[in-house]
Each structure stands twice: as C-alpha cells, then as structure tokens.
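Read the figures in this text as sums done on the coordinates, not as results from a lab. Being a predicted model, the structure only gives us computed values, none of them experimental. Using ideal geometry, Cβ is built from the backbone for each residue, glycine included, and neighbour counts are taken over all protein chains shown.
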Amino acid sequence: ADGHPGASAVQVHMTNTRATDPEVLEQRYPELRLERFVIRRGSGGKGKFRGGNGTIREMKFLEPRKVSILSERRIYPPYGMAGGNPGARGKNQLVKKDGQLVNLRGKVERVIRAGETVIIKTPGGGGFGSI
C-alpha cells in the first residue's frame, strides 16, 4: 500500500515551526517548570493510515504570569480523509492550587497564579482511508 501513518508530536501551525525544546523553554522562562511533555497516545484518528498523535504539555508556574493561548480544533476535531476517522480534539486546562480542574477556551488570555499548572493537549491528526 502506498502511504504511511501520520507523524506524531508535530507542531503544525501557520509558521510551520517545531515545538520548543523543554530545555529552551525552561531557560527562557525560568518562572515555569515543564512537569510533563509526552505524546498523546491514541489521539490520532483511525484509518487505513492512522493520523499522527498530538502531545500533552504540563507547565507549572512558579510566579504569576499573564499567558495567551491561541489554539484550534478545541470544538471541532481534525477531520479524517477518504473515510478515515477524525483525530481527537485538543484541550486546554488549568489546574488550580486546590486541585480544581478548569477547562480553558481555545483562545484565552489570563493570569496564571504561582503554583497553578496549565495543561495543553494538542489534537491528533485525522486518519486517512477506510479501515
């Protein structure tokens, strides 16, 4: 068969830049600590060729900071092609100091307090071809 599964953990947006390396992120932003950065297993859509998996990134803030999130595919999942299933929708969350989990919109600006954690779950790619 001509084709292959989609690539996982790929940063794809209008500038086609790659995801920031954890070491670079922490060096540039010492007020946060990257707690977790993993492939979001199972987020790629099923198909003859499965869509690539997204990522999960959890960042704990050591100092209060205003953050802006600009993300897509939080309401509508990435579509599949030629009979493939959609990928998983992305999700943005805030874990407050008391453990309360708050869902954040795809586009938001807010102050994150010291001790709070932001979780970014990127969407998976849509699958290609009928199973």
Inset, instruction - Report the label-to-label distance for A114 and R28 in nanometres (one decimal), using points 7 Å from each Cα along the Cα→Cβ vector. - result: 2.5 nm
Legend entry - Three principal axis lengths of region 26-80 [C-alpha, angstrom, descending]: 45, 21, 14
Legend entry - Calculated volume of the Cα convex hull per residue in Å³ (choose from [x] 112; [y] 142; [z] 246), label: [x]
Inset, instruction - Just tell me the longest site-free run in the chain, where the sites are GluC sites (Glu not before Pro) in a DSSP loop having at most 15 other beta-carbon atoms within 10 Å. - result: 73-131
Legend entry - Residue order, fewest to most beta carbons within 10 Å, for M81, M59: M81, M59
Inset, instruction - At 7 Å along the Cα-to-beta-carbon direction for both L62 and E35, put a label point, then send me their distance in nm to one decimal. - result: 1.5 nm
Legend entry - Inter-label distance for L70 and S130, nm, one decimal - labels placed 7 Å from Cα along Cα-to-Cβ: 4.1 nm
